[in-house]
Amino acid sequence: MFFSDANHGWIVGDLGKVLKTIDGGANWTYVTNIFGGTSEKVRTVFFLDANNGWIPYKRNTGTSNEPIVYHTTDGGASWTIQSTPLGDNQGFNSIFSIYFWDLQTGWLSADWGRLAKYVGVTGVENSNTSPDNFSIEQNYPNPFNPGTKINYSIKENSFVTLKVFDVLGNEISILVNEEKPAGNYSIDFNAKSLSNGIYFYSITAGDFSSVKKMILLK
């Protein structure tokens, strides 16, 4: 069982069962769009916030049980698969615990004393074609708690600065401050240590500049 806050909680267990509550455990619902029916036990679950979570699982490949991680960014409405380096030919692949510090850094522990670390990549170019314009999108999700994603596009090689400010104009974080080639980029911002409220993120790239508002709601 794991609760990311007073209302949002998850239970995982035998036969691949996954349950979710959004009202502090008063009511629970099955998450039916994951695993597809299995005899395997799901041993652990971790959610960074109401939206971002991970559930490890062993997938039968026909020759062995491959340890993978299901990841959601929308509270379980959809899931993607993250592979792990923990597989072996004998099937001793159960993942017993998982913990993420933020969207970019996490750890797994598995049987036979094995550990694995996840290190995400920020500022990854998502397209081989150069954008026609400079732009920055509204962060998603918004409101967020405490992690959110910011996408931006650079049409030509530019020195890019992306910063976060509070409502008083105080600089909170520098997310990007370097030369970037043309491309589409995505970066994660974690506000785990910040208080509820309105924040702003500002980008400058060449002659382009833009400011957008985001809301932290814990």
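Pairing each residue of segment 10-31 that is of a type in the set (Phe, Trp, Tyr) with any residue that is not in a strand (DSSP E or B), provided the two are 6+ apart or on different chains, yields C-beta distances under 9 Å for Trp10/Met1; Trp10/Ser4; Trp10/Val31; Trp10/Val45; Trp10/Gly76; Tyr30/Lys17. Filtering segment 59-92 to residues that are at pLDDT 70 or above, open to solvent by 50 Å² or more (accessible area, probe 1.4 Å) and over 20 Å from Thr29 (Cα atoms) leaves Glu66, Thr80, Ile81, Ser83, Pro85. Residues that are closer than 18 Å to Asn52 by Cβ and modelled with pLDDT under 90 within segment 13-41 comprise Val18, Val31, Asn33, Ile34, listed in sequence order. Note on segment 145-179: residues that are in a strand (DSSP E or B), surrounded by fewer than 20 Cβ atoms within 10 Å (Cβ to Cβ) and of a type in the set (Gly, Ala, Ser) total 2. Among the criteria (1) open to solvent by 40 Å² or more (accessible area, probe 1.4 Å); (2) in a strand (DSSP E or B), the one Met214 does not fulfil is (1). For segment 103-113, filtered to residues that are modelled with pLDDT of 80 or more and either of a type in the set (Asp, Glu) or surrounded by 15 or more Cβ atoms within 10 Å (Cβ to Cβ) (or both), the residue that is farthest from the chain's Cα centre (by Cα) is Ala110. Here segment 126-142 is the region considered, the condition is being open to solvent by less than 70 Å² (accessible area, probe 1.4 Å) and not small (Gly, Ala, Ser), and the residue that is nearest to Phe208 (Cα to Cα) is Phe134.
Count of segment 180-208 residues, restricted to those that are without any contact (Cβ under 8 Å) to a residue 40 or more places away in the chain, in contact with a Phe, Trp or Tyr (Cβ under 9 Å, 6 or more places away or on another chain) and open to solvent by 30 Å² or more (accessible area, probe 1.4 Å), is 2.
The values are calculated or read from the model by the stated rules, or taken from the named source; none is laboratory data. Source: prediction; values computed, not measured. Ideal geometry is used to build each Cβ from the backbone, glycine not excepted, and the neighbour counts take in all protein chains shown. Heads up: the accessible areas ignore ligands, DNA and RNA and are worked out on the full protein's heavy atoms, side chains in. Shrake-Rupley method; radii C 1.70, N 1.55, O 1.52, S 1.80 Å.
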